[in-house]
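The structure appears below as structure tokens.
The values are calculated or read from the model by the stated rules, or taken from the named source; none is laboratory data. The structure presented is a predicted model; accordingly, all values stated were derived computationally and were not measured. Here the Cβ positions follow ideal geometry from the backbone for every residue, glycine too, while neighbour counts run over all protein chains shown. Remember, those area values only see protein heavy atoms, side chains included, never the ligands or the DNA or RNA. Shrake-Rupley method; radii C 1.70, N 1.55, O 1.52, S 1.80 Å.
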Amino acid sequence: MEFRKNIETLLNDFLQTREDLFLIDLKFSAGDDITVILDGDNGVSVQDCLDASRAIEFNMDREEHDFSLQVMSAGLSEPLSIPRQFHKNIGREIEVLLNDSSEIEGELAKVDEEKITLVLRYRKPKEVGKGKVDVEEEKEIPYSDIKKALVVLKF
């Protein structure tokens, strides 16, 4: 248990020196394989991952406790999980899977500590006559209702 606490402390100390980076996940396997997933307000570079890895490895004694360490960025295919990740993706299209299994896709417009706001754009039939009309509306979604949220990749 002390080993894990040491790793967490070293990682937190590193992140305090780099306020643009933040922790997404820290996993320990039974065989002491450690996986650190980072994200950043301006993305995460290979150098950022190296710096985080060195901050941990250079301060731990492998003779005392053997471990393997992987430090990586939260790729584009990873779900958004914390408000800071949502905030850095304002203006992008995201797809949200809700707890009731419904899906919503829209442009991420606003983010706060309790909810996100999406701008939904779609076409609906005119109330009178034939044809369709463009509709744009905002929808607020509390984090507690979100099962999974992904950035929509467009090529």
Can you give the % of DSSP beta bridges in segment 1-127 that are antiparallel, to the nearest 5?
-> 70
Roll a 1.4 Å probe over the protein chains and send me the accessible area per residue for segment 66-122 in Å².
-> 55
Express in Å², to the nearest 10, the accessible area of Arg92 obtained by rolling a 1.4 Å probe over the protein heavy atoms while all chains stay in place.
-> 110
Expressed as a whole number of Å, what is the distance separating the alpha-carbon centroids of segment 71-113 and segment 27-58?
-> 22
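Taking the Cα centre of the chain as origin, sum charge times position over the Cβ atoms of Lys and Arg (+1) and Asp and Glu (-1), and report the length of that vector in debye to the nearest 20.
Dipole about the Cα centre, nearest 20: 1020 debye.
How high is the relative contact order of the chain? Use alpha-carbon pairs under 8 Å, at least six apart in sequence, and give a whole percent.
Across the chain, relative contact order equals 18 percent.
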Would you work out what percent of the accessible area of segment 24-155, with all protein chains in place, is carbon or sulfur (probe 1.4 Å)?
-> 47
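When only the heavy atoms of the protein chains count and the probe is 1.4 Å, how do Lys154, Lys148 rank by accessible area, highest first?
Final ranking, largest accessible area leading: Lys154, Lys148.
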Pull up all non-local amide H partners of Lys110: gap of 5 or more, or a different chain, and H-to-H distance under 5 Å with H placed in the peptide plane.
-> Thr117
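Working out 0.36 nm times the residue gap between Lys130 and Ser102, then minus their Cα-Cα distance, what length gain in nm do you get to one decimal?
Contour length minus the Cα-Cα distance gives 7.2 nm.
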Reported to the nearest 10 Å², Glu64 has, with a 1.4 Å probe, an accessible area equal to 150
Place a label point 7 angstrom from the Cα of Asp13 along the Cα-to-Cβ direction, then list the residues of segment 35-58 whose backbone nitrogen is under 16 Å away.
-> 51-58
Cut-off 13 Å between beta-carbons: net charge of the residues surrounding Val151, Lys and Arg +1, Asp and Glu -1 | -2
Thr17 accessible area, nearest 10 Å², 1.4 Å probe?
-> 100
Net +/- balance of residues flanking Glu8 in space, Cβ distance below 13 Å, scoring K and R +1, D and E -1 = 0
Sorted largest first, the C-alpha extents of the chain along its principal axes in whole angstrom are 78, 29, 29
